[in-house]
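Peer 1: Here it is, the structure, as structure tokens.
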Amino acid sequence: MRGRDTGSGRAPLRLVPQACAAAGSQRMTTVTATAMATYDPRWHRIIGEALRIRVRGPARYRNPWRRRADLVGFVDEALRH
């Protein structure tokens, strides 16, 4: 997801790490691997869930409210990072 230009001269804000995969595989791209290396391991599950949604794999969360809570926490962390 790309951020929009705020006119401040700064690079657009990226709230969500871009998660991509080769068609039909679970191979992580450099961007996803970088997100995994950049953020604390507690966020790896939600980063993996973003990748899962892109490739339509099996869910990593049984409870959508838990996924929501992790997403909100991750976005908060990403904004502070």
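Derivation of every value follows stated rules applied to the coordinates shown; laboratory data play no part. Just so it is clear, the model here is predicted, and its values are computed rather than measured. Using ideal geometry, Cβ is built from the backbone for each residue, glycine included, and neighbour counts are taken over all protein chains shown.
Peer 1: Could you please tell me the mean projected area of the C-alpha convex hull for the range 30-80, averaged over all directions and given in square nanometres to one decimal?
Peer 2: On the way: hull surface 14.4 nm².
Result: 3.6 nm².
Peer 1: What size of dipole, in debye to the nearest 20, comes out for the range 30-80 about its Cα centre when the only charges are +1 on Lys and Arg C-beta atoms and -1 on Asp and Glu C-beta atoms?
Peer 2: Working: 11 positive and 5 negative charges, 67 e Å.
The calculation lands at about 320 debye.
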